[in-house]
Amino acid sequence: MSLPPREPPLSADASLSLRFDDADRNLLARAFRTPSDGPLAWRLNGEGHRISLVDGFDRLLAWPSLRGVARYEHQERTVFRILREMHGRGILADEVGLGKTIEAGLVLKEYAIRGLVRRALILTPAALTGQWREEMAEKFSLPFAVLHSVRDWDRRPLLIASMDTAKREPHRRAAQSRPWDLVVVDEAHRLKNRLSLNWQFVAGLSKKYMLLLTATPVQNDMDELFNLVSLLTPGQLHTYDRFLERYVASADRRVPTHVSELRGRLRDVMVRNRRGIAFTLPPRRVHSLAVRLSAAERHLYDDVTQFVRDAYWSSSGRLPWTARLTLTVLQREIGSSTFAVAETLRRLAQSPLFGPDDRDRLDGLRQDAVAIASNVKASRLRTFLESLNEKVLIFTQYRRTLEYLRGVLEADGHRVAAYHGGLSPVAKDEAVRTFQAGADVFLSTEAGGEGRNLQFARTVVNYDLPWNPLRIEQRIGRVHRLGQEREVHVVNVWAEDTVEAYLIELLDRKIHMFELVVGELDLILGNLEARRPFEDLMMDIWVLRQAEERRTALRRLGESLVRARGQYEQVKERNDAVLGDVSEAVPT
Amino acid sequence: MSEAGALRTFVVEALAGLGATISEGGSLVWVRAPDSVQRDLEVPANFALAFEPEQSGAFDAELVAPGSYFLERLVAVTTARGRWDASRFEPSEADWVSAVWSDSGFGSESGVRPRVLAIEDGILLLFGFRLTLISDEKRESFHLIAVSPVDGSAWAVLPDPEDSRLVPDAPIDFHPDLEAAYRLANEAVRDETRAEVDRFRSRSLGLLEEEVRRIFAYFDNTLAGIREADPEGSQDLLRAVMAERDRRLAEAVERFDPKATASLCSVRAVFAPTARVRLEFQGGAIADIHVDAWSRRIRGLVCEICHGTEGPWSFEAKSEPRCGRCAATREESAPPRGHPRSGTPRRGTKAGRSAVRSPRGSTARSRAASGGDRGP
């Protein structure tokens with residue numbers, strides 16, 4: 001065996017020698033040679049040292065410095081187990097929506113405060129790097145950087161990298177040649193295959209502590225569980241042959257045996273909080289407010305759609321990415337309100353992206369949009385609010401729609417707290433306080449109170465529907481989260497014969513998305529055969545010229561979603577069967 | 001005071017001590033910082049401090065909490081200052097020596113007759129140490145050690161940050177032999193923390209051993225399985241498995257290998273009246289001791305059983321002094337476990353030589369008097 005060149009771990013078992021700091025000599029040489037800073041400074045010196053002492057993990061130090069993180073017992077218990085019992089190496093296998101990211105952030109912060117973690121690496125799917133960076137910065141004040149260049153491995157002690165990038169050269173070598181105090185792997189079920197690049201890459205990292213995050217450690221067969229645990233603590237589930245012999249009952253390796261004993265071994269390396277054990281969320285009820293657009297709105301919607309389709313297909317070559325994005329924005333805005341789309345139409349009417357004819361057409365559309373003074377969706381919303389006698393969160397994607405709605409609702413006598421990305425942090429705080437104190441409407445754009453506790457309300461209105469379902473889920477998650485005690489109502493306002501109607505068809509009717517628990521949708525979308533953002537899939541369908549083509553494509557996507565959901569349900573059941581009460585018997 | 005309250009008090013005092021102007025306004029603390037504070041703490045000229053995360057948004061207030069950047073900076077700046085100090089203690093009681101006797105077990109019923117030989121201006125040196133133990137976790141503690149350069153004794157004292165009895169005193173040309181006193185303090189810290197360090201070591205090495213055993217068991221069995229399945233198989237595969245084993249072992253060492261360090265935080269000289277006293281015991285033995293008015297510790301007595309130097313003391317007829325604990329247990333065969341021994345006079349020091357002498361002047365059969373052999 002070749003150990004690194006340092007003191008052997010079990011050397012003669014001599015007593016641990018207390019080493020004195022070399023800097024002591026420096027102080028001894030200087031003391032009393034020059035005037036002192038005075039007795040107050042001497043006292044504060046001692047106070048400063050005493051106030052910054054840490055004593056193991058007797059308590060969590062991070063809580064007072066966290067922002068927008070509610071304190072939940074199961075998360076605190078989990079963090080203590082990782083720190084005290086698992087000594088910094090564990091699998092966080094909570095069911096979705098119970099806050100694995102928060103738990104990982106807490107562990108990281110506790111180590112960082114104690115100076116035990118200075119270099120940390122978070123490996124995530126590419127789509128989640130930004131979200132991790134934001135959460136670590138906003139909630140934990142940990143300034144992680146997202147990997148952009150190979151030099152970042154040297155320059156950034158706190159780094160977030162997509163697994164797909166990091167595992168490939170030149171990043172792979174750079175990552176593996178540096179020691180890491182802590183490595184966090186999100187969606188760790190992607191490490192299920194021992195022969196995969198993912199597994200080999202993580203195994204090759206030099207790390208002191210490691211957290212593996214996954215709600216579903218077992219995707220298909222028991223091998224995956226063995227591979228995951230072996231990455232963390234080899235030998236915990238015996239050798240591979242012994243593991244198969246002892247814990248796998250069937251030839252296809254899907255069925256476990258000696259389950260109780262297996263769970264006992266897993267408890268040493270895994271925490272799995274389950275909804276029924278940790279807490280139960282109240283149900284969600286979904287309400288649909290479908291409207292038929294007015295003649296003028298219908299005309300405008302169809303004309304904008306026609307322009308989008310024409311522009312999409314008329315390009316001589318491949319449509320530039322910016323033009324494609326612009327068309328998508330235009331189509332999404334007309335789904336929100338005529339007020340949202342009017343300004344973009346004005347801008348595009350002057351844009352060099354389009355030729356003179358298109359610009360004329362866009363200007364005509366702008367004039368049509370400006371001429372529409374009110375929207376049918378808003379009227380429907382007003383009627384709904386009249387029947388409601390409680391606080392409500394109304395979400396829209398666009399600031400201009402927000403301003404329009406604010407005028408309409410305030411004219412009706414509602415007290416509105418507006419919240420959007422243009423507000424200063426102080427104004428945002430004030431908006432939340434106003435809503436909590438007296439306002440009956442919290443009118444918000446997508447920046448709507450991320451991380452803030454709004455559970456005192458329970459009704460969410462989607463005035464428009466983002467094409468990214470995860471955005472919709474985030475909106476609902478503002479109230480349907482830990483701490484919510486009442487039934488939650490989700491109200492979707494949408495117009496017939498629009499993209500939003502397609503979304504309702506797919507997400508509500510096909511996979512009952514609005515009844516899923518926060519986090520489940522992510523896993524379902526991850527199972528989709530088409531590895532493209534959901535917004536792009538929607539746009540691909542919507543721009544098809546023939547109605548029959550659109551219907552066929554929509555049906556296919558619906559079937560694909562249903563399969564993805566079924567696949568997710570199967571995996572969930574398999575994990576419950578194998579892991580079951582892994583955490584239940586853990587004394588707290 | 002609550003922990004948050006203590007933190008707030010420290011921050012306000014520390015900033016004021018650095019020259020900042022403080023005004024407290026409800027939940028926030030407003031600070032006007034001079035140039036030096038702006039530079040050292042990386043703050044603007046005027047800023048607000050919040051002690052709750054929810055309040056830190058208001059007025060862009062800087063959050064102060066464990067782990068916050070501001071607190072780390074402030075602690076770093078504060079602990080870089082005030083590293084030495086000299087103060088004087090003037091006792092309020094005229095007859096402070098008598099008060100020390102009764103507190104230390106030398107009442108009239110003890111049968112010991114103290115005779116004050118002289119009262120002189122004495123000096124004690126206080127060394128503040130921060131002890132840090134690291135393996136998979138970190139444990140820290142603060143230790144204040146008093147050293148008497150005169151008799152060479154050293155002992156742990158409880159930190160008393162509010163010691164208002166001391167007044168600043170900075171004598172000109174005061175250049176004590178800090179090196180020698182530091183060495184004594186150094187040894188006292190080792191004594192003081194030995195049990196704690198040993199416990200930490202046992203725990204960490206136990207965990208390391210368990211981890212190493214598991215890693216070896218897993219990889220050895222895996223290697224054996226590979227060889228058995230294919231005796232002529234690829235050496236590359238075996239080498240890869242061994243490399244992985246070595247990597248895991250290195251990680252285990254990195255995680256559990258215990259390290260213990262102590263760093264000197266500050267030094268303080270305390271000038272205090274010190275009495276040189278001769279004790280005459282019932283059996284006729286005598287002992288010369290020192291006691292100062294500030295620490296009130298009897299220096300120069302050694303328990304005849306455990307060789308400890310901690311009072312209070314007990315005297316039985318015709319016997320030499322025993323510390324209260326040994327007297328209570330009447331255990332003469334062995335020193336009690338975990339008994340404090342710091343402050344035991346060292347070989348060759350004046351205290352070691354003058355510990356307890358027979359009336360005829362010969363050295364008593366005291367391990368302490370004969371050297372540093374202080375029992376098991």
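The values are calculated or read from the model by the stated rules, or taken from the named source; none is laboratory data. Remember, it's a predicted structure, so these values are computed and weren't measured experimentally. Every residue, glycine as well, gets a Cβ built from its backbone with ideal geometry; the counts of neighbours run over all protein chains shown.
Of the residues contained in region B:194-203, none is found to be touching a Phe, Trp or Tyr at 6+ places or on another chain (Cβ under 8 Å) and either within 7 Å of another protein chain (Cβ to nearest Cβ) or over 21 Å from B:Phe127 (Cβ atoms) (or both). Scanning region A:18-30 for residues that are facing chain B (nearest Cβ under 7 Å) and at pLDDT below 90 yields a total of 6.
Report yes if B:Val212 is of a type outside the set (Gly, Ala, Ser) and more than 7 Å from chain A (Cβ to nearest Cβ), otherwise no. Here the answer is no, as B:Val212 does not meet what is asked. Tell me, which residue of region A:177-221 that is over 27 Å from A:Gly115 (Cα atoms) and touching a Phe, Trp or Tyr at 6+ places or on another chain (Cβ under 7 Å) is surrounded by the most Cβ atoms within 10 Å (Cβ to Cβ)? Once the filter is applied, the top-ranked residue is A:Leu191. Among the criteria (1) among the aliphatic types (A, V, I, L, M); (2) surrounded by fewer than 16 Cβ atoms within 10 Å (Cβ to Cβ); (3) touching a residue at least 60 places away in the same chain (Cβ under 8 Å), the one A:Val562 does not fulfil is (3).
Within region B:1-19, can one find any residue that is assigned to a helix (DSSP H, G or I), surrounded by fewer than 16 Cβ atoms within 10 Å (Cβ to Cβ), within 11 Å of another protein chain (Cβ to nearest Cβ) and of a type outside the set (Gly, Ala, Ser)? There is at least one residue in region B:1-19 that is assigned to a helix (DSSP H, G or I), surrounded by fewer than 16 Cβ atoms within 10 Å (Cβ to Cβ), within 11 Å of another protein chain (Cβ to nearest Cβ) and of a type outside the set (Gly, Ala, Ser). Restricting region A:375-411 to residues that are modelled with pLDDT of 95 or more and small (Gly, Ala, Ser) leaves a set whose member that is surrounded by the most Cβ atoms within 10 Å (Cβ to Cβ) is A:Ala378.
Could you check how many residues of region B:131-162 are buried (at least 20 other Cβ atoms within 10 Å of the Cβ), more than 18 Å from A:Asn45 (Cα to Cα) and among the β-branched types (Val, Ile, Thr)? Final tally of qualifying residues: 1.
Is it true that B:Ala188 is at negative phi, buried (at least 20 other Cβ atoms within 10 Å of the Cβ), under 24 Å from the mean Cα position of the chain (by Cα) and more than 9 Å from chain A (Cβ to nearest Cβ)? Here the answer is yes, as B:Ala188 does meet what is asked.
Among the helices (runs of 4 or more DSSP H) confined to region A:22-93, the ones with at least 3 residues that are in contact (Cβ under 8 Å) with a residue 60 or more places away in the chain and within 24 Å of the chain's Cα centre (by Cα) are located at A:73-80. I need the full set of residues from region A:85-128 which are in contact with a strand residue (DSSP E or B) (Cβ under 7 Å, 6 or more places away or on another chain), at pLDDT 90 or above and hydrophobic (A, V, I, L, M, F, W, C), in order please. Answer for region A:85-128, where residues must be in contact with a strand residue (DSSP E or B) (Cβ under 7 Å, 6 or more places away or on another chain), at pLDDT 90 or above and hydrophobic (A, V, I, L, M, F, W, C): A:Ile91, A:Leu92, A:Ala93, A:Ala104, A:Val107, A:Leu108, A:Leu116, A:Val117, A:Ala120, A:Leu121, A:Ile122, A:Leu123.
One line per residue, one yes/no per condition, for (1) farther than 20 Å from B:Arg130 by Cβ; (2) crowded, with 19+ Cβ neighbours inside 10 Å; (3) hydrophobic (A, V, I, L, M, F, W, C); (4) touching a Cys at 6+ places or on another chain (Cβ under 7 Å):
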{"residue": "B:Arg194", "(1), (2), (3), (4)": "no, no, no, no"}
{"residue": "B:Ala243", "(1), (2), (3), (4)": "yes, no, yes, no"}
{"residue": "B:Ala250", "(1), (2), (3), (4)": "yes, no, yes, no"}
{"residue": "B:Phe256", "(1), (2), (3), (4)": "yes, yes, yes, no"}
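Within the set B:Gly111, B:Gly105, B:Gly122, the sole residue that is crowded, with 18+ Cβ neighbours inside 10 Å, on the phi > 0 side of the Ramachandran plot and touching a residue at least 12 places away in the same chain (Cβ under 8 Å) turns out to be B:Gly105. Just to be sure, is A:Gln131 out of contact with any Cys (no Cβ under 8 Å at 6 or more places or on another chain), over 25 Å from A:Gly519 (Cα atoms) and among the polar types (S, T, N, Q)? It is false that A:Gln131 is out of contact with any Cys (no Cβ under 8 Å at 6 or more places or on another chain), over 25 Å from A:Gly519 (Cα atoms) and among the polar types (S, T, N, Q). Considering region B:97-129, the residues that are of a type in the set (Val, Ile, Thr) and part of a strand (DSSP E or B) include one that is farthest from the chain's Cα centre (by Cα), namely B:Val116.
Can you tell me how many residues within region B:130-178 are over 30 Å from A:Leu61 (Cβ atoms), in a strand (DSSP E or B) and touching a Leu at 6+ places or on another chain (Cβ under 7 Å)? Within region B:130-178, residues that are over 30 Å from A:Leu61 (Cβ atoms), in a strand (DSSP E or B) and touching a Leu at 6+ places or on another chain (Cβ under 7 Å) number 4.
Restricting attention to region A:60-84, and to residues there that are small (Gly, Ala, Ser) and in contact with a Lys or Arg (Cβ under 7 Å, 6 or more places away or on another chain), which single residue is modelled with the highest pLDDT? So the residue we want is A:Ala62.
Taken together, the residues in region A:364-421 that are touching a Phe, Trp or Tyr at 6+ places or on another chain (Cβ under 8 Å) and acidic (Asp, Glu) amount to 1.
Annotation note: of A:Arg545, A:Arg532, A:Arg509, A:Arg574, the sole residue that is of a type outside the set (Val, Ile, Thr), assigned to a loop (DSSP other than H, G, I, E, B) and at pLDDT below 85 is A:Arg532.
What residue, among those in region B:85-97 that are more than 8 Å from chain A (Cβ to nearest Cβ) and not charged (D, E, K, R), is nearest to B:Phe127 (Cα to Cα)? The selected residue is B:Phe89. For B:Glu232, the criteria (1) surrounded by fewer than 19 Cβ atoms within 10 Å (Cβ to Cβ); (2) free of Cβ contacts under 8 Å to residues at least 12 places away in the same chain; (3) within 13 Å of another protein chain (Cβ to nearest Cβ) hold in every case but one, which is (3).
When B:Arg165 is tested against (1) in contact with a Phe, Trp or Tyr (Cβ under 8 Å, 6 or more places away or on another chain); (2) within 9 Å of chain A (Cβ to nearest Cβ); (3) surrounded by 13 or more Cβ atoms within 10 Å (Cβ to Cβ), only condition (2) is not met.
Scanning region B:65-84 for residues that are facing chain A (nearest Cβ under 8 Å), in contact with an Asp or Glu (Cβ under 8 Å, 6 or more places away or on another chain) and outside any loop (DSSP other than H, G, I, E, B) turns up just one, B:Thr78. Against the list (1) in contact (Cβ under 8 Å) with a residue 60 or more places away in the chain; (2) more than 27 Å from A:Gln75 (Cβ to Cβ), the condition A:Gln219 fails is (2).
Tell me, yes or no, whether region B:21-28 has at least one residue that is among the polar types (S, T, N, Q), surrounded by 13 or more Cβ atoms within 10 Å (Cβ to Cβ) and within 14 Å of another protein chain (Cβ to nearest Cβ). Yes, region B:21-28 has at least one match. Do the conditions hold for A:Glu138, that is, is it in a helix (DSSP H, G or I), surrounded by fewer than 21 Cβ atoms within 10 Å (Cβ to Cβ), within 14 Å of another protein chain (Cβ to nearest Cβ) and among the charged types (D, E, K, R)? Judged against the criteria, A:Glu138 is a match. Restricting attention to region B:168-180, which residues are more than 8 Å from chain A (Cβ to nearest Cβ), touching a residue at least 60 places away in the same chain (Cβ under 8 Å) and either exposed (fewer than 15 other Cβ atoms within 10 Å of the Cβ) or in contact with a helix residue (DSSP H, G or I) (Cβ under 6 Å, 6 or more places away or on another chain) (or both)? Once the filter is applied, which keeps residues that are more than 8 Å from chain A (Cβ to nearest Cβ), touching a residue at least 60 places away in the same chain (Cβ under 8 Å) and either exposed (fewer than 15 other Cβ atoms within 10 Å of the Cβ) or in contact with a helix residue (DSSP H, G or I) (Cβ under 6 Å, 6 or more places away or on another chain) (or both), region B:168-180 yields only B:Pro171.
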